[in-house]
1. Checking the structure you have, find out if any residue of region A:155-162 is buried (at least 24 other Cβ atoms within 10 Å of the Cβ), within 14 Å of chain B (Cβ to nearest Cβ), modelled with pLDDT of 95 or more and closer than 22 Å to B:A209 by Cβ.
2. Evaluate region B:76-90: report whether one residue or more is under 18 Å from the mean Cα position of the chain (by Cα), surrounded by fewer than 17 Cβ atoms within 10 Å (Cβ to Cβ) and of a type in the set (A, V, I, L, M, F, W, C).
3. Among the residues in region B:226-233, are any free of Cβ contacts under 8 Å to residues at least 12 places away in the same chain, assigned to a strand (DSSP E or B), of a type outside the set (F, W, Y) and out of contact with any Pro (no Cβ under 7 Å at 6 or more places or on another chain)?
4. Go through the residues of region B:273-287 one by one and say whether even a single one is within 28 Å of B:A121 (Cα to Cα) and at the interface with chain A (Cβ under 10 Å from one of its Cβ atoms).
5. Which condition number in (1) basic (K, R); (2) more than 12 Å from chain A (Cβ to nearest Cβ); (3) in a helix (DSSP H, G or I) is the one that B:R236 fails?
6. Any idea how many residues of region B:252-266 are over 20 Å from B:E229 (Cα atoms) and assigned to a loop (DSSP other than H, G, I, E, B)?
7. Among the residues of region A:126-143, is there at least one that is in contact with a Leu (Cβ under 6 Å, 6 or more places away or on another chain) and within 14 Å of chain B (Cβ to nearest Cβ)?
8. Of all residues in region B:171-190 being β-branched (V, I, T) and farther than 30 Å from B:G128 by Cβ, which is farthest from the other protein chains (Cβ to nearest Cβ)?
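The values are calculated or read from the model by the stated rules, or taken from the named source; none is laboratory data. In this text, all values refer to a predicted model and were calculated from it rather than measured experimentally. Note that we place each Cβ from the backbone using ideal geometry, even for glycine, and neighbour counts take in every protein chain shown.
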Amino acid sequence: MSNSAFFRLQQLISPSLPIGAFTYSQGMEWAVECGWIKDADDVYVWLDGLLESSVGALELPVLARLYHASQQQDVEAFSHWADTLLAWRETSELRAEECQRGQALTMVLDKLPDAAGWPELQQPEWREALGQTQLAGFALACARWNVDLEQALNGYLWSWLENMVIVAVKLIPLGQSDGQRVLYRFSDQLAAVTQQAMIVDDDDIGSSSPAMAIASSLHETQYCRLFRS
Amino acid sequence: MTVQEPVPTDQAHREQPTSPSHGSGWQASLHMQLECSMTGHGAKTVMTGLHHYGPLRVQRPFYPEGDTAHIYLLHPPGGVVGGDGLDIDITARRQAHGLFTTPGATKFYLSAGDTARVRQALTVEAGGTLEWFPQENIFFPGAKVHMDTTIDLSGNARFMGWEISCLGRPVNSEIFEQGNIDARFRISRDGKPVMIERLKVDQPRHLNATSGLRNFPMQALFVATGCNEALLEQARELIEGKAGDMPCGLTLIDDILVMRVLGTRCEKIQALMIPVWQKLRQTLLNKPAGIPRIWNT
């Protein structure tokens, strides 16, 4: 992977990428409110479950397929996996999050001098898929910039985890160093999650996190909220 | 109709595969269509094209509320073991309205090695209505089961249904410490996936994952098409304060109201879901509240 590709991946996974990642808690705000998550250990265990049963089982394998579809200029496959990802999103808030992030990322790409010339950004079928999930734009950009697939998945995984930990630090609240310790605890296991995700069959893709889905449903009517999901 | 095989009567009998030509367990299938038929008393829904094979049967429909066919599915009486295959294929045609349930829970026993496979393909054509309310699936410790329930809707087809899963046997304090469950529930409309849900448990840690099952042995999903924000609000009011310690959430995915519950007892889960079903049934299908008679027996 070239140096340019490495740095472009960093740009895509940075919390400073203006797609509003820090405004979504994916049900964690309700889980904290109701006492399911009280401290740094609870955060670790909550995220560890999602890592195995949601992010590693759904997002990463779908991201890999979107990446291949981008490389092969296969808009049918690209749309199919974007539709599939959205169908797996468990609640109306999680769907809204997916679409909002997808649309925001597309707007970022529209304004980058290199990306603005990509034919995919001019074609309605591609744009529809891009506006359904942030994975679509992420995959397209990684494929276009020749970011190595495994590194793209690792990067996505890290950005998800970092964002969730930032959310937890704000919500519980935790000290900054507690948040860093949670992140550090994950560092030895993340590569294995990516490697496992790269060998999942199409038929075995799919998340199974019922308590997160219920937390996200209940967040829709939570009285006092900081986060949009 | 095809050749009938002897019906096993107990689990011990089930240890002896009797259908060597079809793998290691029972292979059973049930295919049918529901059609709206004009009779002397007006329109009613009838079963057509019924084919069944092996120990998977259906009782004659009955009509406690006029045109709607109420149909009992009879699963293999000895329960399901590893290697068994159940294949259900039901199509509700235009204007047909069928309500399916089962007289009791479906039991999946400890597997000696093979996986039991259950495929339930439900198709509802434009103008048709299907209600799918089987009683719970009980997965005994050590069961290996792959279930795939697909609901294919066309146009304005309507569907309401649930899937209730019980891991282990909580009444006997038997925990699902080993085994392998992968149950998918998918709804698509006009060929496009709308919602996909999955219960996957193949490691003891999946039982106590805080974002997963949280040590609840039962997980339930209820869905109903044709809903909107106002109905979601009414459904939320119906369950307000009634869930107790059971995590229970409602949301709206396109026009599908989705309710999820974790619990320890089937009756308590049903006590949350049935009022929501009956309310939506009254509002969307213009059918009276009431529950299938067989549940009372």
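1. no
2. Within region B:76-90, none of the residues are under 18 Å from the mean Cα position of the chain (by Cα), surrounded by fewer than 17 Cβ atoms within 10 Å (Cβ to Cβ) and of a type in the set (A, V, I, L, M, F, W, C).
3. No.
4. For region B:273-287, residues within 28 Å of B:A121 (Cα to Cα) and at the interface with chain A (Cβ under 10 Å from one of its Cβ atoms): absent.
5. It is condition (2) that B:R236 fails.
6. Within region B:252-266, residues that are over 20 Å from B:E229 (Cα atoms) and assigned to a loop (DSSP other than H, G, I, E, B) number 2.
7. yes
8. B:V171
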